[in-house]
Amino acid sequence: AAQKPKVVVTRKLPDPVETRMLELFGKETELNFDDTPFTADRLLDAMNRCDVLVPTITDRLDKALLARAGERLKLIANFGAGVDNIDVATANARGLIVTNTPGVLTEDTADLTMGLIMAASRRLVEGANVVQAGGFSGWSPTWMMGRRIWGKRLGIIGMGRIGQALARRAAAFGLSIHYHNRKPVSPRIAEELGATYWESLDQMLARMDVISVNCPHTPATYHLLSARRLKLLQPHAIVVNTARGEVIDEGALANMLARGEIAGAGLDVYEHEPAINPKLLKLPNVVLLPHMGSATIEGRIDMGEKVIVNIKTFMDGHRPPDRVIPAML
Ligand code: 8YV
């Protein structure tokens with residue numbers, strides 16, 4: 001029988017995924033049962049002993065680390081859709097294939113994004129906290145007034161899979177759909193979504209009631225929502241982000257929220273995870289979640305299955321279905 005590839009997985013994955021990996025890739029497969037994140041040293045050690053590495057967002061595979069990877073390593077099968085934790089160009093230059101897990105987390109992430117729009121607009125977390133603290137002393141006509149969602153304008157930054165799934169949901173809630181993207185979506189999709197394309201992000205920002213970040217973090221999108229651009233938003237605007245913290249200048253956003261220059265925010269991701277700008281923690285008009293957009297039982301199993309298919313296809317000598325190349329980023 002052909003030699004099994006040596007697979008190292010850096011984090012604890014759902015049980016069915018680990019069971020399947022052991023079945024397919026053999027008992028030599030190294031899983032991380034206690035889920036302690038790898039240090040850079042442990043990561044490097046793994047990269048010198050394995051054929052296939054399965055990292056997550058908590059593993060930073062930068063130029064320096066990739067330069068020290070062993071000859072044996074051939075495939076980096078990321079558990080996650082975003083690959084900003086990996087220097088893909090350097091990996092490819094060293095002959096390493098990189099894959100990700102797109103598609104299976106689209107709907108879950110769009111659901112959470114819609115939840116954040118709702119929570120930030122209608123003060124859901126604030127209200128729930130008041131009740132749990134015993135603070136519901138009776139109804140009042142002017143208490144807990146939030147902002148209406150229907151009839152408002154949603155501006156989506158990044159109209160890929162998740163942006164489109166969000167557009168469908170938001171349209172059903174009565175929001176009008178606007179988007180900024182490197183290029184317009186196909187006429188068929190634009191018509192289906194009833195979405196208006198804004199070539200100028202600046203112009204879109206100035207006109208929206210809700211802004212949602214749904215693009216990847218790349219050198220081109222780092223601080224796309226810069227301090228200057230955030231200032232273009234209307235004072236009643238709400239910003240949500242379930243993509244990557246680095247796309248927004250978090251410090252500038254926190255300052256504007258604290259000064260009441262925009263109305264609120266719903267954030268699932270942060271610029272320096274797991275650290276969060278301390279100013280944000282004290283504000284009543286923000287809803288903060290711990291990077292859980294794809295965190296459903298079903299979704300995380302689907303992501304694991306994607307990883308398995310990528311590894312299996314590669315080991316069988318074919319091009320893995322979810323290969324990432326720098327031109328895609
Ligand atoms: C994961 C994500 O939690 O897929 C992504 O890009 O952000 C999340 O699904 C994380 O990245 C896993 O590596």
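Listed here are the residues, each with its yes/no results for (1) farther than 22 Å from residue 101 by Cα; (2) within 12 Å of the ligand (Cβ to nearest atom); (3) at pLDDT 95 or above.
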position: 231; (1), (2), (3): yes, no, yes
position: 261; (1), (2), (3): yes, no, yes
position: 290; (1), (2), (3): no, yes, yes
position: 302; (1), (2), (3): no, yes, yes
position: 323; (1), (2), (3): no, no, yes
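Tally time: how many residues in region 238-272 are free of Cβ contacts under 8 Å to residues at least 60 places away in the same chain and farther than 13 Å from residue 213 by Cβ?
Number satisfying all stated conditions: 12.
When region 69-93 is examined, which residues are found to be away from the ligand (no atom under 16 Å from the Cβ), charged (D, E, K, R) and either closer than 21 Å to residue 18 by Cα or within 19 Å of the chain's Cα centre (by Cα) (or both)?
74
Return yes or no: is residue 79 over 29 Å from residue 327 (Cα atoms) and either modelled with pLDDT under 95 or assigned to a loop (DSSP other than H, G, I, E, B) (or both)?
no
Taking the condition aliphatic (A, V, I, L, M), under 16 Å from residue 324 (Cβ atoms) and in contact with a strand residue (DSSP E or B) (Cβ under 9 Å, 6 or more places away or on another chain), does residue 52 pass?
Against the criterion (aliphatic (A, V, I, L, M), under 16 Å from residue 324 (Cβ atoms) and in contact with a strand residue (DSSP E or B) (Cβ under 9 Å, 6 or more places away or on another chain)), residue 52 qualifies.
Answer with yes or no whether residue 101 is away from the ligand (no atom under 12 Å from the Cβ) and buried (at least 20 other Cβ atoms within 10 Å of the Cβ).
Taking the combined requirement at face value, the residue does not satisfy it.
Of the conditions (1) touching a helix residue (DSSP H, G or I) at 6+ places or on another chain (Cβ under 7 Å); (2) in a loop (DSSP other than H, G, I, E, B), residue 151 clears all except one; give me its number.
(1)
With 51, 45, 41 as the choices, which residue is of a type in the set (Asp, Glu), crowded, with 19+ Cβ neighbours inside 10 Å, away from the ligand (no atom under 16 Å from the Cβ) and at pLDDT 95 or above?
Criteria check complete, one pass: 51.
Kindly check whether there is at least one residue in region 117-140 that is without any contact (Cβ under 8 Å) to a residue 60 or more places away in the chain and either under 21 Å from the mean Cα position of the chain (by Cα) or within 16 Å of the ligand (Cβ to nearest atom) (or both).
Looking through region 117-140, at least one residue is without any contact (Cβ under 8 Å) to a residue 60 or more places away in the chain and either under 21 Å from the mean Cα position of the chain (by Cα) or within 16 Å of the ligand (Cβ to nearest atom) (or both).
Go over the candidates 61, 66 one by one and state the one that is more than 16 Å from the ligand (Cβ to nearest atom) and either acidic (Asp, Glu) or crowded, with 17+ Cβ neighbours inside 10 Å (or both).
Selected residue: 66, the only one of 61, 66 that is more than 16 Å from the ligand (Cβ to nearest atom) and either acidic (Asp, Glu) or crowded, with 17+ Cβ neighbours inside 10 Å (or both).
Return only the number of the condition from (1) surrounded by fewer than 19 Cβ atoms within 10 Å (Cβ to Cβ); (2) farther than 25 Å from residue 312 by Cβ; (3) charged (D, E, K, R) that residue 94 does not satisfy.
Every condition holds for residue 94 apart from (2).
Kindly check whether there is at least one residue in region 97-105 that is under 26 Å from the mean Cα position of the chain (by Cα) and without any contact (Cβ under 8 Å) to a residue 60 or more places away in the chain.
no
The values are calculated or read from the model by the stated rules, or taken from the named source; none is laboratory data. None of these values were measured; they are calculated from a predicted model. Every residue, glycine as well, gets a Cβ built from its backbone with ideal geometry; the counts of neighbours run over all protein chains shown.
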